[in-house]
1. Pairs needed: first member in the stretch 59-80, more than 15 Å from Ala40 (Cβ to Cβ); second member anywhere, of a type in the set (Asp, Glu); C-beta distance under 7 Å; at least 6 residues apart or different chains.
2. Looking at the stretch 65-92, which of the residues that are more than 14 Å from Ala53 (Cα to Cα) and not hydroxyl-bearing (Ser, Thr, Tyr) is farthest from the chain's Cα centre (by Cα)?
3. Quick check on my filter: what residues within the stretch 13-41 are outside any helix (DSSP H, G or I) and at pLDDT 80 or above?
4. Residues Leu49, Leu64: which one is in contact with a Pro (Cβ under 7 Å, 6 or more places away or on another chain), part of a helix (DSSP H, G or I) and not acidic (Asp, Glu)?
5. Filter the stretch 22-49 down to the residues that are within 17 Å of Ala83 (Cα to Cα) and either without any contact (Cβ under 8 Å) to a residue 12 or more places away in the chain or out of contact with any Asp or Glu (no Cβ under 7 Å at 6 or more places or on another chain) (or both) and list them by number.
6. Looking at the stretch 71-93, which of the residues that are in a helix (DSSP H, G or I) and open to solvent by 60 Å² or more (accessible area, probe 1.4 Å) is nearest to Phe34 (Cα to Cα)?
7. Could you grab me the full set of residues in the stretch 43-62 that are closer than 13 Å to Ser29 by Cα, more than 10 Å from the chain's Cα centre (by Cα) and among the aliphatic types (A, V, I, L, M)?
8. So Ser68 clears everything in (1) of a type in the set (Ser, Thr, Tyr); (2) under 12 Å from Ala83 (Cβ atoms); (3) open to solvent by 20 Å² or more (accessible area, probe 1.4 Å) except one condition, right? Which one?
Amino acid sequence: MGFSCECAPRWGGHECEHECCGGHGEAASVLLAFGAEVDARDAAQDTPLMAAAQQGYYICANLLLDASADINHRTKGNTGESAIQFAARYGQR
């Protein structure tokens, strides 16, 4: 089942990443329940878990981890950071 979200141009239409980056846990939960791609990647290869970790959205991060998000995925480019490194860099605990 596919989804479209015209309010998420920054994330290339990856609804789950958009909702998690906004801290909308309830919306992200619904999207995940209906089959949204838990490890969808944007142009920089960032995932919804990375967005949630960077912003400190613990509810979204936990939802994604419960849905088997890849905690070891790394961004492309020079930094090659993971969600855990994003959280640490942006001061999340």
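The values are calculated or read from the model by the stated rules, or taken from the named source; none is laboratory data. In this text, all values refer to a predicted model and were calculated from it rather than measured experimentally. Glycine gets a Cβ as well: all are built from the backbone with ideal geometry, and neighbour counts include every protein chain shown. These accessible areas exclude ligands, DNA and RNA; they are computed on the full protein's heavy atoms, side chains included. Shrake-Rupley method; radii C 1.70, N 1.55, O 1.52, S 1.80 Å.
1. As it stands, the answer is Arg74/Glu81, since those pairs meet every condition given.
2. Result: Asn78.
3. Once the filter is applied, which keeps residues that are outside any helix (DSSP H, G or I) and at pLDDT 80 or above, the stretch 13-41 yields Phe34, Gly35, Ala36, Glu37, Val38, Asp39, Ala40, Arg41.
4. Leu64 is the lone residue from the list that is in contact with a Pro (Cβ under 7 Å, 6 or more places away or on another chain), part of a helix (DSSP H, G or I) and not acidic (Asp, Glu).
5. Listed by number, the residues that qualify are Gly22, Gly23, Glu37, Val38, Arg41, Ala43, Ala44, Gln45, Asp46, Leu49.
6. Ile84
7. Of everything in the stretch 43-62, just one residue is closer than 13 Å to Ser29 by Cα, more than 10 Å from the chain's Cα centre (by Cα) and among the aliphatic types (A, V, I, L, M), namely Ile59.
8. (2)
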